[in-house]
Amino acid sequence: MTAAHRPACHGKPADWWDTGDDGNRLALALCGVCPTRDGDTCTAGIPDPHPHGVIRAGIAYSDTGRRLPICRCGYPQDDYLGGQPTDCRRCRVPDVPIPDPRRVFRWRVRDLHLAGIREAEMARLLGRSPSTIRAVRTAEGWTRTKADTHAATGRTDRKVA
Ligand code: SF4
Ligand SMILES: [Zn+2]
(Lines give C-alpha, C1' and ligand atoms only; values in the text may rest on other atoms or scores of the structure.)
(Ligands and ions follow the chains in the order given, each with its own letter.)
Protein backbone atom coordinates (compact mmCIF):
# COMPACT_ATOMS: atom_id res chain seq x y z
CA MET A 1 0.00 0.00 0.00
CA THR A 2 1.42 3.37 -0.93
CA ALA A 3 1.30 6.34 1.37
CA ALA A 4 -1.28 7.92 -0.92
CA HIS A 5 -3.65 4.99 -0.29
CA ARG A 6 -2.92 4.49 3.38
CA PRO A 7 -5.86 5.07 5.74
CA ALA A 8 -5.53 8.44 7.45
CA CYS A 9 -5.97 6.74 10.86
CA HIS A 10 -2.99 4.49 10.21
CA GLY A 11 -0.48 4.88 13.06
CA LYS A 12 -2.68 7.31 15.01
CA PRO A 13 -4.10 6.60 18.49
CA ALA A 14 -7.15 4.37 17.99
CA ASP A 15 -8.90 6.13 20.93
CA TRP A 16 -9.41 9.20 18.76
CA TRP A 17 -11.98 7.18 16.81
CA ASP A 18 -13.90 6.13 19.96
CA THR A 19 -16.95 8.35 20.17
CA GLY A 20 -16.61 10.74 23.12
CA ASP A 21 -12.81 10.82 23.11
CA ASP A 22 -11.05 14.19 23.14
CA GLY A 23 -9.44 13.24 19.84
CA ASN A 24 -12.78 13.01 18.03
CA ARG A 25 -12.48 16.34 16.25
CA LEU A 26 -9.12 15.37 14.85
CA ALA A 27 -10.45 11.94 13.89
CA LEU A 28 -13.30 13.54 11.97
CA ALA A 29 -10.86 15.81 10.17
CA LEU A 30 -8.63 12.86 9.23
CA CYS A 31 -11.61 10.86 7.97
CA GLY A 32 -12.41 13.89 5.85
CA VAL A 33 -9.16 13.53 3.90
CA CYS A 34 -8.86 9.76 4.05
CA PRO A 35 -8.23 8.04 0.70
CA THR A 36 -10.07 4.90 1.83
CA ARG A 37 -13.29 6.74 2.54
CA ASP A 38 -16.09 6.24 0.05
CA GLY A 39 -18.85 8.70 0.98
CA ASP A 40 -20.29 7.53 4.29
CA THR A 41 -18.44 4.22 4.07
CA CYS A 42 -15.04 3.34 5.39
CA THR A 43 -13.52 0.78 3.04
CA ALA A 44 -10.39 0.10 5.09
CA GLY A 45 -9.88 -3.26 6.74
CA ILE A 46 -12.82 -5.55 7.33
CA PRO A 47 -16.04 -3.73 6.37
CA ASP A 48 -18.30 -2.91 9.32
CA PRO A 49 -21.80 -2.21 8.02
CA HIS A 50 -23.08 -1.22 11.48
CA PRO A 51 -20.46 0.76 13.43
CA HIS A 52 -21.16 1.29 17.13
CA GLY A 53 -19.44 3.74 19.46
CA VAL A 54 -16.86 4.78 16.90
CA ILE A 55 -16.16 7.25 14.12
CA ARG A 56 -16.03 5.81 10.64
CA ALA A 57 -15.79 7.68 7.35
CA GLY A 58 -16.43 11.00 9.08
CA ILE A 59 -19.60 9.78 10.81
CA ALA A 60 -19.75 9.51 14.60
CA TYR A 61 -21.89 6.63 15.89
CA SER A 62 -23.30 6.24 19.39
CA ASP A 63 -22.98 3.03 21.38
CA THR A 64 -26.38 2.04 19.99
CA GLY A 65 -25.31 2.72 16.41
CA ARG A 66 -27.14 6.04 16.02
CA ARG A 67 -25.53 8.62 13.75
CA LEU A 68 -24.65 11.60 15.89
CA PRO A 69 -24.86 15.25 14.85
CA ILE A 70 -21.66 17.27 14.87
CA CYS A 71 -21.74 20.33 17.11
CA ARG A 72 -20.56 23.71 15.80
CA CYS A 73 -17.41 23.18 17.89
CA GLY A 74 -16.52 20.20 15.70
CA TYR A 75 -17.14 17.44 18.25
CA PRO A 76 -19.91 14.86 17.96
CA GLN A 77 -22.87 15.41 20.25
CA ASP A 78 -22.24 12.14 22.04
CA ASP A 79 -25.28 12.36 24.36
CA TYR A 80 -27.69 13.03 21.50
CA LEU A 81 -31.00 11.19 21.98
CA GLY A 82 -32.83 12.40 18.89
CA GLY A 83 -34.80 15.47 17.86
CA GLN A 84 -33.34 18.88 17.13
CA PRO A 85 -29.56 18.84 17.74
CA THR A 86 -28.38 21.29 20.36
CA ASP A 87 -24.97 22.25 21.72
CA CYS A 88 -22.79 19.33 22.75
CA ARG A 89 -21.91 18.75 26.39
CA ARG A 90 -18.60 20.55 25.85
CA CYS A 91 -20.36 23.73 24.76
CA ARG A 92 -23.30 23.66 27.18
CA VAL A 93 -23.11 26.11 30.04
CA PRO A 94 -23.41 24.20 33.34
CA ASP A 95 -26.88 24.59 34.81
CA VAL A 96 -25.67 25.72 38.21
CA PRO A 97 -27.93 28.17 40.03
CA ILE A 98 -26.12 31.40 40.85
CA PRO A 99 -27.01 32.47 44.40
CA ASP A 100 -28.22 35.96 45.15
CA PRO A 101 -25.13 37.94 46.29
CA ARG A 102 -27.13 39.43 49.18
CA ARG A 103 -27.85 35.94 50.48
CA VAL A 104 -24.20 34.96 50.05
CA PHE A 105 -23.22 38.03 52.07
CA ARG A 106 -25.67 37.07 54.84
CA TRP A 107 -24.28 33.49 54.87
CA ARG A 108 -20.76 34.83 55.26
CA VAL A 109 -21.78 37.13 58.12
CA ARG A 110 -23.57 34.22 59.80
CA ASP A 111 -20.54 31.93 59.45
CA LEU A 112 -18.23 34.57 60.89
CA HIS A 113 -20.72 35.29 63.67
CA LEU A 114 -20.89 31.60 64.57
CA ALA A 115 -17.10 31.53 64.57
CA GLY A 116 -17.15 34.29 67.20
CA ILE A 117 -15.59 36.95 64.95
CA ARG A 118 -16.10 40.53 66.07
CA GLU A 119 -18.00 43.06 63.94
CA ALA A 120 -14.94 45.15 63.22
CA GLU A 121 -13.02 42.09 62.05
CA MET A 122 -15.97 40.91 59.94
CA ALA A 123 -16.12 44.35 58.33
CA ARG A 124 -12.45 44.14 57.45
CA LEU A 125 -12.72 40.55 56.13
CA LEU A 126 -15.82 41.24 54.06
CA GLY A 127 -14.80 44.69 52.87
CA ARG A 128 -17.94 46.31 54.29
CA SER A 129 -18.63 48.87 56.97
CA PRO A 130 -19.30 47.76 60.55
CA SER A 131 -22.74 49.38 60.36
CA THR A 132 -23.60 47.17 57.36
CA ILE A 133 -22.51 44.08 59.28
CA ARG A 134 -24.54 45.23 62.26
CA ALA A 135 -27.62 45.84 60.09
CA VAL A 136 -27.45 42.27 58.73
CA ARG A 137 -26.99 40.78 62.17
CA THR A 138 -29.83 42.84 63.62
CA ALA A 139 -32.16 41.90 60.76
CA GLU A 140 -31.31 38.21 61.19
CA GLY A 141 -31.59 38.32 64.97
CA TRP A 142 -27.97 37.35 65.53
CA THR A 143 -26.94 39.00 68.74
CA ARG A 144 -23.58 40.62 69.15
CA THR A 145 -20.68 38.68 70.51
CA LYS A 146 -19.57 39.52 74.02
CA ALA A 147 -16.46 41.11 72.58
CA ASP A 148 -18.55 43.39 70.35
CA THR A 149 -20.65 44.51 73.24
CA HIS A 150 -17.53 45.31 75.21
CA ALA A 151 -16.02 47.12 72.23
CA ALA A 152 -19.15 49.22 71.83
CA THR A 153 -19.48 50.10 75.51
CA GLY A 154 -15.80 50.36 76.27
CA ARG A 155 -16.22 47.79 79.05
CA THR A 156 -13.75 45.05 79.70
CA ASP A 157 -13.86 41.85 81.70
CA ARG A 158 -10.41 42.55 83.05
CA LYS A 159 -10.47 43.13 86.76
CA VAL A 160 -8.86 46.32 87.99
CA ALA A 161 -6.49 45.70 90.81
S1 SF4 B 1 -12.34 6.77 6.78
FE2 SF4 B 1 -11.93 4.86 7.83
S3 SF4 B 1 -9.80 4.42 7.40
FE4 SF4 B 1 -10.13 6.53 6.90
S5 SF4 B 1 -9.52 7.68 8.74
FE6 SF4 B 1 -11.72 7.32 8.83
S7 SF4 B 1 -11.96 5.45 9.99
FE8 SF4 B 1 -9.81 5.53 9.33
ZN1 LIG C 1 -19.84 21.63 21.02
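The values are calculated or read from the model by the stated rules, or taken from the named source; none is laboratory data. Keep in mind that this is a model prediction, so the values were computed, not measured. We place every Cβ from the backbone using ideal geometry, glycine too, and count neighbours over all the protein chains shown.
If the requirement is being among the β-branched types (Val, Ile, Thr), without any contact (Cβ under 8 Å) to a residue 60 or more places away in the chain and in a loop (DSSP other than H, G, I, E, B), which of these qualifies: Ile55, Ile46?
Ile46
List the pairs whose first member sits in the stretch 71-99 and is of a type in the set (Val, Ile, Thr), whose second member is part of a loop (DSSP other than H, G, I, E, B), and whose Cβ atoms are under 8 Å apart, counting only residues at least 6 apart or on separate chains?
Matching pairs, first to second residue: Thr86/Gln77; Thr86/Arg92.
For the stretch 31-58, what are the residues that are under 28 Å from the mean Cα position of the chain (by Cα) and closer than 23 Å to Ala4 by Cβ?
Passing the criteria: Ile55, Gly58.
Which one of the conditions (1) more than 16 Å from ligand 2 (Cβ to nearest atom); (2) surrounded by 10 or more Cβ atoms within 10 Å (Cβ to Cβ); (3) within 30 Å of the chain's Cα centre (by Cα); (4) part of a helix (DSSP H, G or I) does Arg25 fail to meet, given that it meets all the rest?
(1)
Given (1) surrounded by 14 or more Cβ atoms within 10 Å (Cβ to Cβ); (2) touching a helix residue (DSSP H, G or I) at 6+ places or on another chain (Cβ under 8 Å), where does Glu140 come up short, assuming only one miss?
(1)
Criterion first (outside the structural domain of Ile133 (by TED's automatic domain parsing) and closer than 30 Å to Gly127 by Cα) does Asp22 satisfy it?
no
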